[in-house]
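One structure is given here, and the rest of the page talks about it.
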Amino acid sequence: MAKRGGAAQPQVVEAAQDCRLYLITPPALDLDPFGESLKAALGAGDVACLQLRLKDVADDVVLRAAEHLMPICLAHDVAFIVNDRPDLAARVGADGVHIGQDDASYEEARRLMGKDGNIGVTCHASRHLAIDAAEAGADYVAFGAFFPTTTKEPKAQAELDILEWWSGIMTVPAVAIGGITVENCAPLIEAGADFLAVSAGIWAYPAGPAAAVAAFARVIDDVFSGD
């Protein structure tokens, strides 16, 4: 994923502004109604990508979800990323894959995704892991969790200073993740997050996903305009 000042990369990451939304699917999907929610969300403001995150399900469930959701993303010029499984990401022709520390290695993910595939790496709150991932060639690193989250059990608590440190020394983009909402996201943007990875903060937003995307856009605009 290209950071301001970095070289342009494929689809995921051509940043129209200095911080963008990185949506993550809910833990379970009813594909038809979720597809409609996704269309509404993607039509409401700037979104960089959607990560398909389905844990502990059969491969065919992931493949069916990808078949349903990828065309929606394509129609909105939004990149499609598969969580954990570079083999499935490559099989469906996804734009990228996101891998954790317990998933496939970066080298294996790159072999499967090819030179143009976007590969993101979970780095928790570790500067060492982030530097290793960047030096290996990762397209982005993900730090978190920054806030309490019910989407997954976080392995680390990240602080704002890791974003400030990273943005000051590296051009590889940083994704902030973990319990991010419209109400708490501004400090992450100010600290240098290039992308905000959001799940429940979009899909469980009281006014609906489209309103959530629009609300995040207003916060991002406010931060960069100094309001």
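The values are calculated or read from the model by the stated rules, or taken from the named source; none is laboratory data. Given the structure is predicted, the values throughout are model-derived calculations rather than measurements. Backbone-built Cβ (ideal geometry, glycine too); neighbour counts: all protein chains shown.
Those residues that are without any contact (Cβ under 8 Å) to a residue 60 or more places away in the chain and closer than 20 Å to residue 199 by Cβ, I need them from the range 127-146; list them, please.
Result: 141, 142, 143, 144, 145, 146.
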- Task: Answer yes if at least one residue in the range 198-207 is at pLDDT 95 or above, among the hydroxyl-bearing types (Ser, Thr, Tyr) and in contact with a Ser or Thr (Cβ under 6 Å, 6 or more places away or on another chain), and no otherwise.
- Result: yes
- Task: Considering each of 54, 23, 29 in turn, give the residue that is surrounded by fewer than 24 Cβ atoms within 10 Å (Cβ to Cβ), under 17 Å from the mean Cα position of the chain (by Cα), under 21 Å from residue 97 (Cβ atoms) and at pLDDT 95 or above.
- Result: 54
- Index of the failed condition, residue 153 passing every other in (1) touching a Lys or Arg at 6+ places or on another chain (Cβ under 8 Å); (2) under 19 Å from residue 198 (Cα atoms); (3) surrounded by fewer than 17 Cβ atoms within 10 Å (Cβ to Cβ); (4) of a type outside the set (A, V, I, L, M, F, W, C): (1)
- Task: Answer yes or no: is there a residue in the range 165-187 that is surrounded by fewer than 24 Cβ atoms within 10 Å (Cβ to Cβ), touching a Ser or Thr at 6+ places or on another chain (Cβ under 9 Å) and in a helix (DSSP H, G or I).
- Result: no
- Message: Can you pull out every residue in the range 159-177 that is free of Cβ contacts under 8 Å to residues at least 12 places away in the same chain and closer than 18 Å to residue 22 by Cα?
- Response: none
- Note on the structure: Pairing a residue in the range 202-225 that is more than 15 Å from residue 36 (Cβ to Cβ) with any residue that is basic (Lys, Arg), where Cβ atoms lie under 9 Å and the two sit 6 or more apart in sequence or on different chains, gives 220/20
- Message: Any residue in the range 22-42 that is in contact (Cβ under 8 Å) with a residue 40 or more places away in the chain sitting within a Cβ distance under 8 Å of a residue that is β-branched (Val, Ile, Thr) and assigned to a helix (DSSP H, G or I)? List the pairs, counting only those 6 or more apart or interchain.
- Response: 23/202; 38/72; 41/202; 41/213; 42/72; 42/213
- Could you identify the single residue in 39, 3 that is at pLDDT 95 or above and either assigned to a loop (DSSP other than H, G, I, E, B) or out of contact with any Phe, Trp or Tyr (no Cβ under 7 Å at 6 or more places or on another chain) (or both)? 39
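Please determine, by comparing only the residues of the range 80-101 that are outside any helix (DSSP H, G or I) and of a type in the set (Asp, Glu), which one is farthest from residue 53 (Cα to Cα).
95
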- Message: Which count do you get for residues in the range 100-115 that are of a type in the set (Gly, Ala, Ser) and over 10 Å from residue 86 (Cβ atoms)?
- Response: 2
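Would you say residue 120 is at pLDDT 95 or above and part of a loop (DSSP other than H, G, I, E, B)?
Details: at pLDDT 95 or above: yes; part of a loop (DSSP other than H, G, I, E, B): no.
Spelling it out, it is not the case that residue 120 is at pLDDT 95 or above and part of a loop (DSSP other than H, G, I, E, B).
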- Matching residues in the range 155-189 - criterion: being more than 22 Å from residue 49 (Cα to Cα) and of a type outside the set (A, V, I, L, M): 155, 157, 159, 161, 164, 165, 168
